[in-house]
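Participant: Structure below; questions to follow.
The values are calculated or read from the model by the stated rules, or taken from the named source; none is laboratory data. All of these numbers come straight from a predicted model, not from anything done at the bench. Using ideal geometry, Cβ is built from the backbone for each residue, glycine included, and neighbour counts are taken over all protein chains shown. Remember, those area values only see protein heavy atoms, side chains included, never the ligands or the DNA or RNA. Shrake-Rupley method; radii C 1.70, N 1.55, O 1.52, S 1.80 Å.
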Amino acid sequence: MADLIKMKTIFPNKLKNGDEIMVVAPSDSLSLISKETRRIANEKFSQMELKLSFAKNVDELDEFDSSSIESRVSDLHQAFSNKNVKGIFAVIGGMNCNQLLRYLDWNLIKNNPKVFIGYSDTTALQNAIHAKTGLVTY
């Protein structure tokens, strides 16, 4: 059995007032979230003095309640490569986040560590990010 190499754990910088958070939809689309829920979320982020931005394809909707694999991968790469973005929040869970794993640029993610927050189906992505890069996610 080959020796296992212990990967260095990477802790992203803590978020602070004025930081930009990019919303991505690696599973289900933001279009499934009501206007009222969006308004409340925007209000809460504003109260925390965090600026929200949205990935290009976050509202795309296909027959599986998400966007294409290409769109979701592109949005994640956009979020991790944007130097102004300090945190990335997944909109909601779903059932197809695992489709993205073979297409992600793990070096891009490792070299641009950010707070990444998600739940439910997004944990497949979060576990892969940690396993492939050492980045701690939430």
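Participant: Filter the cross-link list Lys56/Lys114; Lys8/Lys44; Lys6/Lys86; Lys44/Lys86 down to pairs whose alpha-carbon distance in this structure exceeds 29 Å. Could you put the intermediate results ahead of the total?
Facilitator: Details: Lys56/Lys114 19 Å; Lys8/Lys44 34 Å; Lys6/Lys86 26 Å; Lys44/Lys86 17 Å.
Among Lys56/Lys114; Lys8/Lys44; Lys6/Lys86; Lys44/Lys86, the Cα-Cα distance tops 29 Å for Lys8/Lys44.
Participant: Ok, one more. For Ile117, put the label point 7 Å out on the Cα→Cβ axis and report which residues of the stretch 92-107 keep their amide N under 18 Å from it.
Facilitator: 92-94
Participant: How do the peptides 62-74, 38-50 rank, highest first, by the average count of neighbouring beta carbon atoms within 10 Å per residue?
Facilitator: 62-74, 38-50
Participant: Once the piece of chain linking Leu101 and Met7 is laid out straight, how much longer is it, given 0.36 nm per residue of separation minus the C-alpha distance between them?
Facilitator: Going from the current span to full extension adds 32.0 nm.
Participant: OK, next. What whole-number value in Å² describes the accessible area per residue of the chain for a 1.4 Å probe?
Facilitator: 59 Å²
Participant: Let me ask something else. Apply the Karplus parameterisation 6.51 cos²θ - 1.76 cosθ + 1.60, with θ equal to phi minus 60°, to every residue of the stretch 32-42 and state each ³J(HN,Hα) to the nearest whole Hz, in sequence, with x for glycine and proline.
Facilitator: Residue by residue, the stretch 32-42 yields 7, 8, 5, 4, 5, 5, 4, 4, 4, 4, 4 Hz.
Participant: Counting only protein heavy atoms and using a 1.4 Å probe, what share of the accessible area of the stretch 16-108 belongs to carbon plus sulfur, as a whole percent?
Facilitator: The computed percentage sits at 52.
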